[in-house]
Amino acid sequence: SVFFKYLWCGCVYGTVEEITTFGAFMNLGVMQGMIHISQTMEDYVSFSREQNFKPIFIFLPQKDDLIFIKNNFNFYEEFFKELKLIDGLNVIDITRELLDEKDLDDMYSDNNTYGGHYSRRGNEKISDILYEKMKKLDMI
């Protein structure tokens, strides 16, 4: 038989098996665990208060995400609504600005359908967007 007793605030080691829009599933050996994104972000905000820094969540979408959103709907909206409810967490989403780009392929360095890494032009654009958004959040 297997017995497991969780210690409050204890550490359990495992391997991340799958990441979803709401969290991550971990292989803990004989069982699976799930970490919810809101808990991770709330812990991040608490840690930021202890360490005296401003927490920020920045969403950098892949090319396939942007194409899907352009052609269908923004499947991240509910996720961002949930993140914005976390007191003290600064949230930056650059999706809207990247949707305005005429040549998405030029924004990414990898020649594939999902996007991969941002190109030099893509990184310059993102840094400009982040600078302006962080100024509005009074972080710069």
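State to the nearest 20 debye the size of the charge dipole of the chain about its Cα centre, where the only charges are +1 on K and R beta carbons and -1 on D and E beta carbons.
Working: 15 positive and 23 negative charges, 64 e Å.
So the magnitude is around 300 debye.
Grab the DSSP H runs of the chain that are 4 residues or longer, score each as -39,500 (n - 2.57), total them, divide by all residues and round the 222 nm result to the nearest 500 deg cm²/dmol.
Values: 5 runs with 54 residues, N = 140.
The helix-only estimate for the chain comes to -11500 deg cm²/dmol at 222 nm.
Could you check how much of the accessible area of the chain is carbon and sulfur, as a whole percent, using a 1.4 Å probe?
The C+S portion of the solvent-accessible surface of the chain is 53 percent.
Nearest 5 is fine: what % of DSSP beta bridges in the chain come out antiparallel, could you say?
Of the beta bridges lying entirely in the chain, close to 70 percent run antiparallel.
Find out how many positive minus negative residues lie around Tyr114, taking Lys and Arg as positive, Asp and Glu as negative, among other residues whose Cβ is under 13 Å from that of Tyr114.
Here the charged neighbours net out to -3.
At 1.4 Å probe size, with every protein chain present, just tell me what the per residue accessible area of the chain comes to in Å².
Per-residue accessible area for the chain comes out at 72 Å².
Under 5 Å between amide H atoms, partner at least 5 residues away or on a different chain: which partners does Gly115 have, H built in plane at 1.01 Å?
Long-range HN contacts for Gly115: Lys63, Asp64.
Two decimals is fine: what's Rg over Rh for the chain, C-alpha atoms, Kirkwood radius as Rh?
1.04
What is the list of residues in the stretch 48-92 whose amide nitrogen lies under 17 Å from a point 7 angstrom out from the Cα of Ile35, following Cα to Cβ?
Correct set: 48, 56-58.
In percent, how large is the relative contact order of the chain, given Cα pairs closer than 8 Å and 6 or more residues apart?
Relative contact order here is 17 percent.
Could you list, in their original order, any pairs among Lys63/Lys84; Lys102/Lys135; Lys63/Lys102; Lys54/Lys133; Lys63/Lys125 whose Cα atoms are separated by more than 18 Å?
Lys63/Lys84; Lys102/Lys135
Once you list every other residue whose beta carbon is under 9 Å from the beta carbon of Lys125, what net charge do they have if Lys and Arg are +1 and Asp and Glu are -1?
Result for the neighbourhood of Lys125: -3.
Taking the 0 to 90 degree range and rounding to the nearest ten, how far is the long axis of helix 37-51 tilted relative to the main principal axis of the chain, both from C-alpha atoms?
Relative to the chain, helix 37-51 is tipped by roughly 90 degrees.
The values are calculated or read from the model by the stated rules, or taken from the named source; none is laboratory data. The model shown is predicted, which means the values in this text are computed figures rather than measured ones. Note that each Cβ is placed from the backbone with ideal geometry, even for glycine, and that neighbours are counted across all protein chains shown. In case anyone asks, the SASA skips ligands and DNA or RNA and just uses the protein heavy atoms, side chains included. Shrake-Rupley method; radii C 1.70, N 1.55, O 1.52, S 1.80 Å.
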